[in-house]
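In what follows, a structure is listed as structure tokens, so that the remarks can point back to it.
Taken together, the values in this text are just the output of simple stated rules run on the coordinates, not laboratory data. Quick caveat, the model's predicted, so the values are computed rather than measured. Reconstructed Cβ throughout: ideal geometry from the backbone, glycine too, with neighbour counts over all protein chains shown.
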Amino acid sequence: MIKEISKLIANYASEIPEETIASLIEIPPNSTMGDYALPCFPLAKIYHKNPTNIAEDIKQYIDSANIPFIDKTEVFNGYLNIFVQRNYYIKIVLEQIMNETYISRSIGRNQTICIDYSSPNIAKNFHVGHLRTTVIGNSLYKIYEKLGYKVVRINHLGDWGTQFGKLILAYKNWSSREKVEKEGINELLRIYILFHKEAKDNPKLNEEARSWFLKMEQGDEEALNIWDWFKEISMIQFNHIYQLLGVEFDSFTGESFYMDKVSAVVKELTHKNLLEESQGAKIVNLDKYNMAPCLITKSDGSSIYPSRDLAAILYRKKTFHFTKCLYVTGLEQKLHFAQVFKVIDMMGYDWSNGLIHIPYGLVSISGEKLSTRSGNIVYAEELLKEAILRAEKAIETRNPNLQNKEKTAKMVGIGAIIFHDLFHQRIKNIDFSWDEVLSFEGSTGPYVQYTYARAKSILRKNPDYVSSLDIDFSPLNEDTSFQLVKKLNDYPKAVLYAADSYEPSIIARYVIGLAQEFNKFYHNCSIINSEYKIRLARLCLVFAAQKVMKEAMELLGIQCPEEM
Ligand code: ARG
């Protein structure tokens with residue numbers, strides 16, 4: 001609608017681009033001031049007239065043009081208030097939802113976007129921080145897919161580095177096959193911590209660990225077998241979490257995959273005169289850009305995190321021909337990505353501006369930083385299981401006769417965690433409190449799920465509704481229904497804005513607003529007690545609302561139970 005209106009006004013004010021007009025149009029806080037309003041103050045300078053006169057002129061132009069979707073216009077305090085022809089508007093909005101034409105898949109033009117997300121470190125527990133990258137990345141995948149992009153979902157596992165030399169040595173010294181098999185990642189973590197403690201008194205252990213890592217880099221069979229097995233053990237936990245979250249990947253090529261591709265990067269950097277020696281290590285100097293140097297190889301020649309990322313970028317470009325490659329990690333890696341992207345730019349690749357870091361803030365629980373020592377839950381798996389348990393209890397009290405309680409509790413518990421993670425702006429630090437996350441009121445996942453289930457139950461109880469557009473929508477003219485229609489109309493805009501700003505929170509906020517509008521409608525507009533014609537129109541609106549609600553939640557990676 002904003003587009004239609006700006007087009008119309010641009011016909012009159014041809015000096016001003018349509019997009020500028022669109023960006024000026026506001027939605028008045030109160031519908032007595034119109035459905036849309038154009039503040040004419042910014043136009044005053046261009047036309048050398050006062051805003052009220054400009055508004056009057058545009059009003060005259062619109063009124064004389066007899067536009068079918070505009071009911072009336074009013075001038076007030078330098079604003080042009082526009083009232084749309086409600087019947088016309090409602091039909092267009094509902095038609096687009098029924099026919100699923102509200103979001104165009106042609107936006108992505110089949111371009112490829114790689115998303116590097118989740119990417120946990122082998123032999124370490126999956127932390128709640130990794131939960132955030134996992135759900136943000138998964139939601140971005142769904143959003144871009146919806147818009148018609150080809151998305152490659154990459155899990156860049158942290159499966160290479162000196163720490164594995166330490167781990168192999170620690171395993172040989174202080175653990176056993178049985179223990180690792182029984183305790184999984186916890187045992188690997190135990191011996192890793194033990195290694196650091198022991199190495200304090202016995203620095204020779206560090207030397208030995210380094211030589212194990214060198215063996216790995218040189219392809220030593222024994223070292224690689226142990227490492228591979230550590231990876232297997234870790235993947236059991238990771239896969240379990242992905243299964244709970246319903247998250248999948250196209251590729252698990254982690255850091256180890258790029259280890260033997262670093263020498264080609266070194267060659268290319270040398271050839272392009274970008275490499276410098278510094279205390280035996282090789283670096284790219286970034287003084288000119290006010291950044292610390294980017295480390296390429298260590299003094300023993302081994303590869304390192306940044307150089308493996310450089311190799312990964314070149315590999316991904318060659319393999320997937322991406323237009324964008326996104327990296328979803330904590331804010332603390334900001335410098336790392338700035339350095340690596342800069343090096344790609346210095347290598348002369350003009351597509352380096354398609355490399356984008358998508359940072360996010362920290363998670364705390366009830367105001368406390370997460371730490372195992374303080375007894376706060378740090379591990380994603382524990383958190384998810386606890387959420388399911390608590391959802392089970394809530395359902396037991398609210399609706400003890402519900403069918404499929406277990407399945408519903410899973411959707412509600414997991415959905416609550418994902419929603420909470422995505423509702424907050426990415427970059428903000430978030431605090432986690434169980435009461436807030438699992439509440440059925442407020443800005444929570446369960447609130448939206450519950451609203452969706454309510455809409456579904458209305459449709460079930462009224463089997464005479466037809467999801468057809470061949471009905472009279474005029475009963476939806478009154479304010480509460482019309483506000484809901486307007487909210488539905490905002491959905492495509494929210495999806496586009498979320499995609500442009502890499503910000504799933506925009507969709508999470510949108511869907512809360514939608515659920516609120518729906519509940520207002522539900523309380524004000526009776527369905528069962530209204531006459532047939534009104535009932536049909538209202539049911540059609542319920543149908544549209546539940547459809548958008550479900551889809552918006554799917555874009556966040558959250559499932560909605562049909563009953564709750
Ligand atoms: N494994 C890293 C971590 O846990 C994240 C990797 C992000 N991706 C990348 N290509 N560097 O912090």
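Assorted remarks:
- With R₀ fixed at 56 Å, the C-beta to C-beta distance from K385 to N30 puts the FRET efficiency at about 0.75.
- Taking M235, M216 and counting other C-beta atoms within 10 Å, the order from fewest to most: M235, M216
- Sequence-separation-based contact order of the chain, relative, with Cα cut under 8 Å and 6+ spacing, percent: 14
- Reach of K7 by Cα under 18 Å, taken over lysines that are not fewer than 8 positions away in the same chain: K59, K72, K493
- Neighbours of L314, meaning other residues whose beta-carbon lies under 9 angstrom from its beta-carbon, give a summed charge of +3 when Lys and Arg score +1 and Asp and Glu score -1.
- Ellipticity estimate at 222 nm from DSSP helix runs (n ≥ 4, -39,500 (n - 2.57)) divided over the chain, nearest 500: -18000 deg cm²/dmol
- Three-way shape label, region 463-533, alpha-carbon gyration tensor, a/c 1.5: prolate
- Entries of K142/K550; K172/K215; K166/K231; K487/K550 with Cα pairs more than 18 Å apart: none
- Helix 86-98 axis versus longest C-alpha principal axis of the chain: approximately 30°, rounded to the nearest ten.
- Straight Cα distances below 16 angstrom link K182 to the aspartates and glutamates E232, with same-chain residues fewer than 8 positions distant left out.
- Net dipole in debye of region 428-564 [+1 Lys, Arg Cβ; -1 Asp, Glu Cβ; about Cα centre; nearest 20]: 260
- Under 5 Å from the amide H of V151 lie the amide H atoms of I113, each residue being 5 or more positions distant or on a separate chain, with H modelled from the backbone and absent for Pro and chain starts.
- Straight-distance candidates among the aspartates and glutamates for linking to K520, with alpha-carbon spacing under 12 Å and chain neighbours fewer than 8 residues away dropped: D479.
- Cα-centred dipole magnitude for the chain, charges only on beta-carbon of K, R (+1) and D, E (-1), debye, nearest 20: 160
- Cβ crowding within 10 Å, taken as a proxy for footprinting-reagent exposure, orders D57, D350 from fewest neighbours to most as D350, D57.
- Pairwise label distance in nanometres, N186 with T323, each label 7 Å out on the Cα-Cβ vector: 4.9
- Per the chain, cysteines lacking a partner by the 4.7 Å Cβ criterion: C40, C294, C525, C540, C560
- Taking amide H positions as modeled 1.01 Å from N, with prolines and chain starts lacking one, the residues under 5 Å from T329 and 5 or more places away or on another chain are I358, Y360.
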